[in-house]
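Trainee: My questions will all concern the structure given below.
Where a number appears in this text, it was derived from the coordinates with a stated rule and is not lab data. Owing to the predicted nature of the structure, the values given are computational and were not obtained by experimental measurement. Cβ placement follows ideal geometry from the backbone for every residue including glycine, while neighbour counts extend to all protein chains displayed.
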Amino acid sequence: MKSALRRRQIRDCARKVISQKGYHAAAVADIIREAGVARGTFYRHFDGKRDVFEQLIDEFFVSLELGIRRVDISEGSPAVTEQMLDNVHRVLRILFDNADLTRILLREAVGIDEEFDRKIDEFYSRILSLIQLSLRHGQEMGIVRECDTKIASLIVLGSVKQVMDFAIGSRKQLPAPQAVGRELLNLVAGGLFITDVAAPGGQGQ
C-alpha cells in the first residue's frame, strides 16, 4: 500500500477508535489493532495518538472554514438571507456528518490531559475568529448592526454548540439540518442583522 493511502487508513481507523472509546481511553494499541498494521508502521506516519487526533481536528476545521462563504451583495446575487442560510446549512451538515468528532469536541472530559485541552481550546478559538470575521464583514457591508463582535461570536457559537450537544447526545430525533439552520438563523438575525436585511422582503429579497 502506498504511503499516503496507508497514512489515510491509519487516520481513519484512529478516528473510529477515538470515536468509540473516547480520546482519553483510546490507545495506540487499539488503533494499530483496528488498522491491522505493525507498531513501526504506525510510528512511521504519526508521532502518537495526539498527533493523529490533532490532524483530524485540523482537517475538521478546514472543512468548516471552507463551508463559510462571504455574502455577495452585488446586483444579481442571491438574497442575503438565502446566502446566510446556505452558510448555516453547510456548517450544520459538516457537523452532523462528522458527529464523531463533534461529540469529542463537545463531550470529552477536560482537565485530564493538558495538551488535549490546548487543542480543543485552539479549535474553538479558530472557530470564534471565523465567526467574528464574518460579523465584521457583515458590518462593512451594512447587513450586521454595530455590536461587540467578540461577545456576539461567543453567543452564536454557544447556540450552535448547545444544539449540536442535544442532537448527538439525545435519542430524540431533531429536524433536518435545514430546519435547524433556519431556526438558528432566525434567532440570530433578530439580534444581529439590520432589520431591513433580516426581515422578509428586505435587502437582497
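Trainee: Given the condition out of contact with any strand residue (DSSP E or B) (no Cβ under 7 Å at 6 or more places or on another chain) and over 21 Å from residue 163 (Cα atoms), answer yes or no: does some residue in the stretch 91-112 qualify?
Mentor: Checked against the condition, which is being out of contact with any strand residue (DSSP E or B) (no Cβ under 7 Å at 6 or more places or on another chain) and over 21 Å from residue 163 (Cα atoms), the stretch 91-112 yields at least one hit.
Trainee: Let me ask something else. Could you grab me the full set of residues in the stretch 37-75 that are within 18 Å of residue 135 (Cα to Cα) and hydrophobic (A, V, I, L, M, F, W, C)?
Mentor: Across the stretch 37-75, the qualifying residues are 64, 66, 68, 71, 73.
Trainee: Out of the residues in the stretch 16-63 meeting the condition of being farther than 20 Å from residue 109 by Cα and among the hydroxyl-bearing types (Ser, Thr, Tyr), tell me which one is surrounded by the fewest Cβ atoms within 10 Å (Cβ to Cβ).
Mentor: 43
Trainee: If I go through the stretch 1-56 residue by residue, how many of them are among the β-branched types (Val, Ile, Thr) and touching a residue at least 60 places away in the same chain (Cβ under 8 Å)?
Mentor: Count: 1.
Trainee: Name the single residue, out of those in the stretch 96-122 being hydrophobic (A, V, I, L, M, F, W, C) and under 15 Å from residue 15 (Cβ atoms), that is surrounded by the fewest Cβ atoms within 10 Å (Cβ to Cβ).
Mentor: That would be 99.
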